[in-house]
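What follows draws every value from the coordinates through simple rules; no lab data is involved. What you see is a predicted model; the values in this text were computed from it and never measured. Counting neighbours? That spans all protein chains shown, and the Cβs are built from the backbone with ideal geometry, glycine included.
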Amino acid sequence: MSVLGVCSLKGGVGKTSITLGLASAAVHAGLRTLVVDLDPQADTTLALGVTGLAENDVAAVLDNPTQFVIDSAIARSPWDGELLHVLMGSNDSARHDGPSYAHRLTRLKHALDILADRYDLVIIDCPPSLGGLTRQGLTACDRALVVTELGLFSVTAAGRAFQAIDEIRRQSAPALRPLGVLVNRVRARSLEQAYRQEELENMFGELVLPTYIPERSALQQAQGSGSPIHAWPSRAARDLADRFDAVLAAALRSMESPTSAQLAPPADVPPATQQLDGTGQLFDGLAMESLDDE
C-alpha cells in the first residue's frame, strides 16, 4: 500500500480539487483507494458524496485508532463503491490540530497500517496549515505532493511546505519524501504567471512536476455534479483526466508501487514548462474557452 499526502501551507490553491482528481485517476486505473479527509472543512468528504454515511469520522480514529473505530469511520463513495472508500472528515477533527506530542503523531499511521491489505493507494488530504493534523498526516505518508498556484504568496508557501516536509522527515517520518510541487490553475497568456513559473523553477528545480493543471471550468462542473473528472463528458475534462493520470503515475513510480504499471503517463500531456509566446507570456498551445465548450 502506497500513501500519498496532498498538502499546501496556503489555502485557496485548489488542494482539494487535486485530491479529487487523483482519486478519480486512481479509480479509473482500477486501484483500491482510500481517501483520508484530514481537513476540518471536510470538503473532500462532501465532494465524494459520503457526508453522514459513516457512524464515526477521522477525529474518532485519531482518538482511538482501533479496528472497530476505523471501520466505523469509512464510507463507500458513490463514485465507485467497490474501489473508492473515504475515511470521513468532520469539523470535530479541528481539536487535533493543536500541538501534537510524539506519541500522537503516529496515530494515523497506525490506523493505516491496520488497513494495509485492503488498499493499493491511500490519498491524504491535509489541512492548509502546519498544525497537528498536517503533521500526523505527513507522518503517515510515503510521499508528499505540494500544491501551488503561480502567485507570490503561493510560491513562498510552497517553500515553507518543503521545509516542513523535511522537518517532519527528520523528526518522525524517516520514510517521507517530497514528490514535488504541482502547479494548479494555470492560465494561458499570463505575464505574472510566466514570471512566477520561472521563479518556482529557480527555487525548486526538478521538484517542479512536469505536468501542470490548467484552469478549466470543467473541473468545477464535474465537482458540482458529484462526478469524477474521468466521467465528465467534455474535451476539457478529458485533457484534465490525462493530466491527473500522469501525476498519479509519477507518484506511484516514485513510491515503487507494483500498481504503477497500470498507469502509463499519456504521451500528449504537455509539460509544466511551456514556450512563451511573442509577448513573453505563458502559452500552452490550447484554446481554453473552446476546450471548456466541448
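Please compute the length gained on full extension between S225 and E55, using 0.36 nm multiplied by the number of residues separating them and subtracting their Cα-Cα distance.
Working: separation 170, 0.36 × 170 = 61.20 nm, distance 2.50 nm.
Residue separation times 0.36 nm, minus the Cα-Cα distance, leaves 58.7 nm.
Using a Förster distance of 30 Å, how high is the FRET efficiency between L46 and E201, based on the Cβ-Cβ distance and rounded to 0.05?
That pair, L46 with E201, gives E of 0.30.
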Next on the checklist: Can you give me the angle between helix 191-204 and the longest principal axis of the chain, using Cα atoms only, in degrees from 0 to 90, rounded to the nearest 10?
Outcome noted: 50
Checklist outcome for this item: Cys residues of the chain with no disulfide-compatible partner (no other Cys Cβ under 4.7 Å) are C141
Next on the checklist: Quick check: pseudo-label points 7 Å beyond the Cα along Cα→Cβ at T66 and I114, how many nm apart are they?
Outcome noted: 0.8
Checklist outcome for this item: Scattering profile of the range 2-293 from the Debye formula, Cα beads only, expressed as log10 I(q)/I(0) at q = 0.14 Å⁻¹, is -0.98
Checklist outcome for this item: Across T51, T16, T134, the residue with the highest GNM fluctuation in the chain (Cα network, 10 Å cutoff) is T51
Checklist entry - Taking neighbour Cβ counts within 10 Å as the exposure measure, how do C126, C7 sort from fewest upward? => result C7, C126
Checklist outcome for this item: Distance in Å, no decimals, from the C-alpha centre of the range 1-65 to the one of the range 74-142 is 8
Checklist entry - So how do S234, S2 line up by other beta-carbon neighbours within 10 Å, fewest first? => result S234, S2
